[in-house]
Every structure is written in C-alpha cells, then in structure tokens.
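One structure is given below, encoded as structure tokens.
Read-outs: derived from the displayed coordinates by stated rules, not from any lab. The structure presented is a predicted model; accordingly, all values stated were derived computationally and were not measured. Cβ placement follows ideal geometry from the backbone for every residue including glycine, while neighbour counts extend to all protein chains displayed.
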Amino acid sequence: MNIVLEVKDLCVDYIIAHGRHVRAVDHVSFNIKEGESLGLAGESGCGKSTIAYSLLRLHRPPALINNGSIKINGHNILDMKQEELNLFRWQEASMVFQSAMNCLNPVVRLEKQFFDLYKAHGITYKRSEARKMTKELLELVGIPGDRVRDYPHQFSGGMRQRAVIAMALALKPKLLILDEPTTALDTVVQRDILKRIYDLKDKLKFSILFITHDISLMMEFCDNIAVMYAGEIVEKATAQNLLHAPRHPYSFGLKNSFPSLQGKIEYMEGIKGNPLDLNSIPVGCRFQERCFNASDICFKKEPPRVHVGENFFHCHNPLSESQEVPCG
C-alpha cells in the first residue's frame, strides 16, 4: 500500500524573547497510508495544530520548522518554492481548520468562492462549469445543489461546516487534514459530519489526518491513533488497541477522561496536574510529574521507544492488559 504522508524527525520551534527557541514539536515521525485515517490526540498545547500547519507550510514567524522532512505523495514540501507550494496545496493535500465555518466570506455567494478556488488552480475559467461542479460537491456533503447562490450567513453552522469540507475536497486531494473541524458544533451534528467525511473517504479514495483532543470521538472513526504529549508522540497504536489496552499511562488517562454516551454512569478521574511548560523540559520522561506509574528511572533517563509491529510507545513502565490502574 502506498504511503501518502511521511513525516520524519519533524521539529518546530517558536522564537521568543532574546532569540530563544521553544520547541513545540520535537522529532515527530509518522506515516499515513493510502486510504488510511490517522488520529492525532492530546491536550491543548501539545503540538497537534502546529504539526497540521507544518504539513502545508502555513506557519508564519515566530514559528520555524527547524528539522525533518515532510513528504506528501513523495514530494518533500520543505524543498518547494512558494509558487510551487501554492499549486500543491489543496490539489495534493487540503485542510479543514478549527472553526472552519468562519472561513467563508459571509457577503460573497458560495458559488463565487468556489469559482475563485477553481480559477486559482486552473481547473476552469467558466462560471457555468464551476457552478455545475460546485452543485455536485455540495450534494456530496448533504447540501441541496440549488443553494449554490446563497450567502454563507444563510446557512446553519453545520451546513457552513459541510460547505467548507466540500471546498477542501474540490480539487480531489489525496490527503485531507481535519484540525478539530467540529469543535463548535453539538455532539449529534459532529458525528453526522464526521460520518459523511468518512463515507466520502471510501468513495473518493483519500487519506485523513484527524486532529482532536476528543479521543473517544477519534476511536470511533480512525484506523490508527497517535497520542501527543508536550511536543512528542508518546504512543501510536490501532484504535482498537488504544481503546482496550493502551500502553502509555498518558494514553490511558486521556482515554478515561471522556465519559461514555451509553451504559451506566461511572466516576471519571481526570489526569492530575497541568500540561508541561515547554520552557523547562525536565530530565527523563516528560510525563513524570503526572504519571501514576512513575519510578525513579522516569526522573533520570529519557524513556526508550518500544516497537510493537508498526506501532510504538515511549515509556519505562508501560501498562499491560492485566494491570490494575489506580482511580481516585
């Protein structure tokens, strides 16, 4: 199976006062295969969106990609000139941003915004042809085609979100990046939109990088999940393995911080402490102060990377399937 996205040793820094660098993404590596969906989970500030913006080189100063390579369909986007990059975006890889429904211009008709996209990439310069393609796209995401001449302010939040997703798919990219695309929507609409996206994935044959802090939502839709903490991927596993037998204590805590929508009511225990200050990375494991399974070595030595087939975790004291985990 072909690899659509290959990220190797990616490092992204933010330049702060006096020329100092804070590393927000630290030597991150992962792949996404053709037709695969990978979830990137973690608390706010762990580096998820920084990775998303890096994949299309959308960062502006003070952000700086300091190391690594990013290949999409074999093309290293870090080597591309700006003109080449502009054509590459949305044709090979596109992105649905956080609060994406606010990306649409409220005073410009929907068909005009799609027409501008087609013109910019040389797809068509005919309004009639653009209108026809736009209608087909809108109907794919569940919006009646005859609403193509409506303004965005005439749509509900969920419909605007669908319109943005249609725009992201307009040039038939091989990779769709979803950066918390349903954050502003209620639970029922979230699942409806995500189900529609994943149905389109199978129909249009693209791969997905799905970024969210909601690991329960991710487990429902993704094939594999990578868990981030303080700029590092601490565990990568199949969604089923992460659901039933997470190996890293942070993955376990993240999974159990979200209540189930079904079954009996149970006591929930959040992850103690606060996210790590990236200005002061400790010696040893970055999760040491918040970990219920920490031992002396966690405070002295960086944890090893342990591979289990194509998956891995970074931990001195990984959990086992039979291990009882303290609550409360």
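Gap in Å between the Cα centre of the range 70-101 and the Cα centre of the range 307-321? Rounded to whole Å, the Cα centres lie 32 Å apart. Only beta bridges with both residues in the chain are counted; by DSSP, about 60 percent of them are antiparallel.
Does anyone have the angle between helix 187-204 and the longest principal axis of the chain? Alpha-carbon axes, 0 to 90°, nearest 10? Helix 187-204 and the main axis of the chain meet at about 70 degrees.
Shown here for the range 59-146: chymotrypsin sites (Phe, Trp or Tyr not before Pro) in loop regions (DSSP other than H, G, I, E, B) with at most 16 other Cβ atoms within 10 Å, namely TYR125. Compared with the rule-of-thumb size 2.2 N^0.38 Å for a compact globular protein, the range 11-53 has a Cα radius of gyration ratio of 1.43. The Cβ shell under 13 Å around HIS75 holds other residues with a net charge of +1, Lys and Arg each +1, Asp and Glu each -1. Of ASN105, GLY47, HIS213, whose Cα points farthest to the positive end of the dipole of the chain (charges on the beta-carbon: +1 Lys, Arg; -1 Asp, Glu; origin at the Cα centre)? Checking the options against the dipole of the chain, the answer is ASN105.
Normalised by 2.2 N^0.38 Å, with N the number of residues, the alpha-carbon radius of gyration of the range 1-144 equals 1.22. The angle between the Cα long axis of helix 157-168 and the longest principal axis of the Cα atoms of the chain comes to about 80 degrees, rounded to the nearest 10.
State the extension gain, in nm to one decimal, for the chain segment bounded by GLU139 and LEU243, taking 0.36 nm per residue of separation less the distance between their alpha-carbons.
Extra length from GLU139 to LEU243 when fully extended: 34.0 nm.
Given R₀ = 45 Å, what would the calculated FRET efficiency be for SER156 paired with LEU78, taking r from the Cβ atoms and rounding to 0.05? The computed FRET efficiency comes out at 0.70. Looking at the range 205-275, the GluC sites (Glu not before Pro) that sit in a DSSP loop and have at most 12 other Cβ atoms within 10 Å of their own Cβ are GLU266.
Length gained on full extension, VAL22 to THR187, computed as 0.36 nm times the residue gap minus the Cα-Cα distance: 55.9 nm. A Förster distance of 30 Å, applied to the separation of the beta-carbon atoms of GLU129 and LEU204, puts the FRET efficiency at 0.95.
Put simply, the convex hull of the Cα atoms in the chain casts, on average, a shadow of 18.6 nm². Mean projected area of the convex hull spanned by the Cα atoms of the range 1-86, taken over all viewing directions: 6.2 nm². Site pair SER69 and SER44 shows an inter-label distance of 3.7 nm when each label is modelled 7 Å from Cα along Cα→Cβ. Averaged over residues, the count of other Cβ atoms within 10 Å places the peptides 276-283, 37-44 in the sequence 37-44, 276-283, highest first.
Semi-axis lengths, largest first, of the ellipsoid equivalent to the range 141-268 are 30, 18, 12 Å, with √(5λ) applied to each eigenvalue of the Cα gyration tensor.
Sparsely packed loop sites in the range 234-322 (the trypsin sites (Lys or Arg not before Pro) outside DSSP H, G, I, E and B with at most 10 other Cβ atoms within 10 Å) comprise LYS264, LYS272. Just to confirm the number: angle between the C-alpha axis of helix 110-120 and the first principal axis of the chain, 0 to 90 degrees, nearest 10? So the helix axis and the longest Cα principal axis differ by about 80 degrees.
Residues whose amide H falls under 5 Å from that of ASN311, counting only those 5 or more places apart or on a different chain, are absent, with hydrogens built in the peptide plane. Among residues other than LEU138 whose Cβ falls under 13 Å from its Cβ, what is the net charge (Lys/Arg +1, Asp/Glu -1)? The answer is +4.
Where only DSSP H runs of four or more residues are counted, the chain gives -8000 deg cm²/dmol as its mean residue ellipticity at 222 nm, each run worth -39500 (n - 2.57). Counted residue by residue at 0.36 nm each, then reduced by the alpha carbon distance between them, the extension gain from SER99 to ARG147 reaches 15.1 nm. FRET efficiency for the pair HIS307 and MET1, taken as 1/(1 + (r/R0)^6) with r the Cβ-Cβ distance and R0 = 22 Å, rounds to 0.70. Where Lys and Arg each count +1 and Asp and Glu each count -1, what net charge lies around ILE15 among other residues with Cβ under 13 Å from its Cβ? Every neighbour counted, the sum reads +2.
Taking amide H positions as modeled 1.01 Å from N, with prolines and chain starts lacking one, the residues under 5 Å from SER37 and 5 or more places away or on another chain are ILE208, ASP223, ASN224.
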